[in-house]
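**Q** I'd like to ask you about the structure that follows.
The values are calculated or read from the model by the stated rules, or taken from the named source; none is laboratory data. Because the structure is predicted, anything quoted here is derived from the model rather than measured. Cβ placement follows ideal geometry from the backbone for every residue including glycine, while neighbour counts extend to all protein chains displayed. Ligands, DNA and RNA are stripped out before the accessible areas are found, and what is left, the full protein with its side chains, is counted by its heavy atoms. Shrake-Rupley method; radii C 1.70, N 1.55, O 1.52, S 1.80 Å.
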Amino acid sequence: MNNRDDVLEYFGARDAELALYDAFESAVLERWPDTRITVHRTQVSFYNRYLFAVASLPYRRMKDWPEHCLVITFGLADQLTSPRIAVATEPYPRRWTHHVVVSRPEEIDDELMGWVGQAWTFSMEK
């Protein structure tokens, strides 16, 4: 299978989530065209030399999350404080994992992509 076939298999009949993913992938590739994308069983991973972002279907949906959404995950050295951050955890010292719930293509905006850009840079500093 090629990468697109893998993406289609991952999303299955979830057309709304696939459309969100396509918008996110386009935004990533527009900014970082050399990005490598790998589809896994539970997520789609975006790499420069290292992993810098993940798009996934909600594994544990919070009750206030939209019915159709995509979770964008990225890591930074410091915790972001924004109402858009659904969950932030620090699994290792100075390594914060942030999850942003996206339910509309317009939420894949300059703010989100700025955070993903910071994650791109942070991952290169490993």
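**Q** Hey, how many Å between the Cα centroid of the range 85-126 and the Cα centroid of the range 28-57?
**A** 12
**Q** Next question, about the same structure. For the range 10-126, what is the accessible area per residue in Å², given a 1.4 Å probe and the full set of protein chains?
**A** 57
**Q** In addition: For a quick check of your reading of the filter: which GluC sites (Glu not before Pro) in the range 1-101 sit in a DSSP loop and have no more than 13 other Cβ atoms within 10 Å?
**A** Answer by residue number: Glu67.
**Q** How much accessible surface does Arg104 have with a 1.4 Å probe, in Å² rounded to 10?
**A** 120
**Q** When 1/r is averaged over all different Cα pairs and the result inverted, which Kirkwood radius in Å belongs to the chain? Write down the numbers at each step before the final one.
**A** Values: mean 1/r = 0.0678 Å⁻¹.
This gives a value of 14.8 Å.
**Q** Exactly which chymotrypsin sites (Phe, Trp or Tyr not before Pro) in the range 59-126 are in a DSSP loop and have at most 14 other Cβ atoms within 10 Å? Can you show the working numbers first?
**A** Values: sites: Tyr59, Phe74, Trp96, Trp115, Trp120, Phe122; in loops: Tyr59.
Within the range 59-126, the qualifying chymotrypsin sites (Phe, Trp or Tyr not before Pro) (loop, at most 14 other Cβ atoms within 10 Å) are Tyr59.
**Q** Which loop trypsin sites (Lys or Arg not before Pro) in the range 54-107, with loop taken from DSSP, have no more than 12 other Cβ atoms within 10 angstrom of their Cβ? Display every interim value, and only then the final one.
**A** Numbers: sites: Arg60, Arg61, Lys63, Arg84, Arg94, Arg95; in loops: Arg60, Arg61, Lys63, Arg84, Arg94.
In loop regions of the range 54-107 (DSSP not H, G, I, E or B), the sparsely surrounded trypsin sites (Lys or Arg not before Pro) are Arg60, Lys63, Arg94.
**Q** Can you compute the charge dipole magnitude of the chain about its Cα centre, using +1 on each Lys and Arg Cβ and -1 on each Asp and Glu Cβ, nothing else charged? Give it in debye, rounded to the nearest 20.
**A** Approximately 560 debye in magnitude.
**Q** For the range 1-71, just run the numbers: alpha carbon Rg, then divide by 2.2 N^0.38 Å, N being how many residues it has.
**A** The reported ratio for this selection is 1.10.
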